[in-house]
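The values are calculated or read from the model by the stated rules, or taken from the named source; none is laboratory data. Remember, predicted model here, so these are calculated numbers, not experimental data. Quick reminder, even Gly has a Cβ in these numbers, built from the backbone with ideal geometry, and neighbours come from all protein chains shown.
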Amino acid sequence: MDLKKIKAGDIFFTRNNSIISRAIRLVETGKFKQDVPSHCGIIESVCEVDGKIRIFTLESLFGGTVSGLLENYCRKGTHVWIKRTKGYFRTEQALLWAYKQRFVKYDALALLGIFIRAIMRKLGLEKFPMIKNYLNSKRRFYCSEYVGHYGKKGGVKYWKGDISFWTPYDIYRSKKLRSITHQKF
C-alpha cells in the first residue's frame, strides 16, 4: 500500500474473513464471497514517527467511537481500501466534528434496522422514501453512519436515503469518492 498517497480526511474501508465481516457482507449483498467492505472509518492524521509513516484513524467500533491505527488492519486475509472525497470538501470542519465524537457509544440496535432493510430490499420495498430506521439512535453511531455524518459535516452526501441505513458498501460505491489505494494482506 502506498502510504504516501493517504491524507487526513480520507475514508478507509476494510474486509476480512471474520464471522462478523461475513455476516455484514451477507446482509448487504446476499452472498458470503462478495469482495465488498464490511467496515469503514476516517483517516484522522498521517505523520512520520521514527522514520515510519503512522496513519491514525477515527472509527465506530463495538466499544464506541475511538481513535486507532490503520496498521491494526494490515494482517493476513484483510483488504484495505482508501478513498477520497471528490471536489470541494470541508475537511477540517468535518474532521473536527469527527474528533469530537470520540467515546460516543456504538449503535448496535440500528444494525437490526439495517437487517430489516435487507429483507425489505429483497422484497422490493426499499424504494419508498418514508422508510426510516426507527431503531437508530441520534446519540450513537455504527461505522458507516459515523462516516456518513462526517461527509455531511464536510458538505457531501455520499449515498442516497437516510444515513441510518447506510452500510460500508453503500459509501464505498459512492460516485462522490475516488480510489486512492487498495491492498490485500
- Task: Determine which single condition residue 83 fails, assuming it passes every other condition in (1) of a type in the set (Lys, Arg); (2) within 20 Å of residue 16 (Cα to Cα); (3) at pLDDT below 90.
- Result: (3)
- Look at the stretch 1-20 and say how many of its residues are assigned to a loop (DSSP other than H, G, I, E, B) and touching a strand residue (DSSP E or B) at 6+ places or on another chain (Cβ under 8 Å). 8
- Note on the structure: The correct count of residues that are touching a residue at least 24 places away in the same chain (Cβ under 8 Å) and assigned to a helix (DSSP H, G or I) in the stretch 57-84 is 2
- Scanning the stretch 153-184 for residues that are under 13 Å from the mean Cα position of the chain (by Cα) and in a helix (DSSP H, G or I), which turns out nearest to residue 2 (Cα to Cα)? 172
- Note on the structure: Selection from the stretch 25-46 of residues within 18 Å of residue 184 (Cβ to Cβ) and at pLDDT below 70 yields 25, 32, 33
- Which of (1) surrounded by 12 or more Cβ atoms within 10 Å (Cβ to Cβ); (2) in contact with a helix residue (DSSP H, G or I) (Cβ under 8 Å, 6 or more places away or on another chain); (3) touching a residue at least 40 places away in the same chain (Cβ under 8 Å) does residue 54 not meet, given it meets every other one? (3)
